[in-house]
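See structure below.
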Amino acid sequence: MLGLQYFSFNDLWSPLILALFLIIAAAYLVLVGPLSEQIKDAEPATAAQKIMFITGLFVLYLAQAGPFNLLGHVMFSFHMVSMAFSYLVAPPLMMKGLPIWVWRKIVRWLPTRQLSFLAHPIVAAVLFNGLFSLYHLPIVHDYVMLNFTVHRLYYIALFITSMLMWWTLLNPLPEGRQASGLSKIGFIFLNMVLLTPACGLIIFAAEPLYQTYSNPAVWAEAMRYCVSGDSTALLRSFGGPAFFNFLSSAKEDQQVGGIVMKFIQEGIFASMLAYVFFQWYRKEKQEDDDDSYPAGGPLNPAAK
């Protein structure tokens, strides 16, 4: 299915990286479970938090080291699914999965005074969407895909900036600066707008933009970083990425990728928009109800 049968278990699942993710998951469960009982001002994570963190970690693994990583090297549409999983799905799940006391320790450890400007909503939105858009310029994308160290560093930068972007919406620290409901709604629309030019470039391009998915020789070189053995053997066996493309052409694959990315982003941010609006409305209604009662509340005998 999707040509995965032509690749080995190691190519599909990256056992060493899988082991690393399993170690991270185990360390998390110990930290927010038994170990939390021995830490001052700490409390065990809830079942919901554990599910969210482990799910986010699993999604990140699938996108960066599992089958979606391999598929993202043979079809651009799967590359965009991998990007969406890595930066729009995994970060908020992992952030919500960490208890407040863990976040407090992380913030104390970081030089927040020097780096706090990076978490400013506009700066965070421009940083993430700017890096994402820059990455999908053809010359940048092909260079990053062909240079393993640059590739990893760029993806780490994207992950960090995506966390900063999500911080405005999900700030887990009650004592921290919280954006108002209206500010969060504006921030969501800002992110939706900033990503549109990159998706538009991809969707409406007159021809395939990326050599990685249209030039067999470049594709084989890029595949060196996700398959074992001699990647030029892929050329002899399959001729190029077109063998795995179940769509009609590289151009159509590229268009589908742009549409998929925009659709996932719109869906996630639309859900966040509904959630933020509901929370904002409920807070405003609660404040109005409180203001409508005399001091002491509706059950205060003195108010009768």
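Computed quantities for the displayed model
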{"read-out": "Protein-only accessible surface order, largest first, of T149, T168 at 1.4 Å", "value": "T149, T168"}
{"read-out": "³J(HN,Hα) computed for each position of segment 182-192 - Karplus, 6.51 cos²θ - 1.76 cosθ + 1.60, integer Hz, glycine/proline x", "value": "5, 5, 5, 4, x, 5, 4, 5, 4, 5, 5"}
{"read-out": "The chain - mean residue ellipticity at 222 nm from DSSP helices (-39,500 (n - 2.57) per run, n ≥ 4, rounded to 500)", "value": "-22000 deg cm²/dmol"}
{"read-out": "Under 23 Å, Cα to Cα: Lys pairs in segment 172-289, sequence gap 8 or more or different chains", "value": "4"}
{"read-out": "Whole-Å semi-axes of segment 94-241's equivalent ellipsoid (Cα gyration tensor)", "value": "37, 20, 12"}
{"read-out": "Contact order relative to length of the chain, as percent, for alpha carbon pairs under 8 angstrom and 6 or more apart", "value": "21"}
{"read-out": "Pairs of alpha carbons in segment 135-185 whose separation is greater than 17 Å (percent)", "value": "53"}
{"read-out": "Residue-normalised accessible area of segment 155-254, expressed per residue, 1.4 Å probe, Å²", "value": "47"}
{"read-out": "Lysines whose Cα lies under 26 Å from that of K40, excluding same-chain neighbours fewer than 8 positions away", "value": "K50, K96, K105"}
{"read-out": "GNM flexibility winner over the chain from A250, A157, A124 (Cα, springs under 10 Å)", "value": "A157"}
{"read-out": "Solvent-accessible area, 1.4 Å probe, carbon plus sulfur percent, for the chain", "value": "69"}
{"read-out": "L12 - accessible surface, heavy atoms, 1.4 Å probe, Å² rounded to 10", "value": "30"}
{"read-out": "All-pairs Cα distance distribution in the chain, expressed in whole percent, bin size 20 Å", "value": "29, 51, 17, 3, 0"}
{"read-out": "Filtered trypsin sites (Lys or Arg not before Pro), segment 13-117: DSSP coil and at most 11 other beta carbons within 10 Å", "value": "K40"}
{"read-out": "Using a Förster distance of 30 Å, the FRET efficiency for L247-R224 (Cβ separation, nearest 0.05)", "value": "0.75"}
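The values are calculated or read from the model by the stated rules, or taken from the named source; none is laboratory data. Just so you know, these numbers come straight off a predicted model, no measurement behind them. Note that we place each Cβ from the backbone using ideal geometry, even for glycine, and neighbour counts take in every protein chain shown. Only protein heavy atoms, including side chains, enter the accessible area calculation; ligands, DNA and RNA are left aside. Shrake-Rupley method; radii C 1.70, N 1.55, O 1.52, S 1.80 Å.
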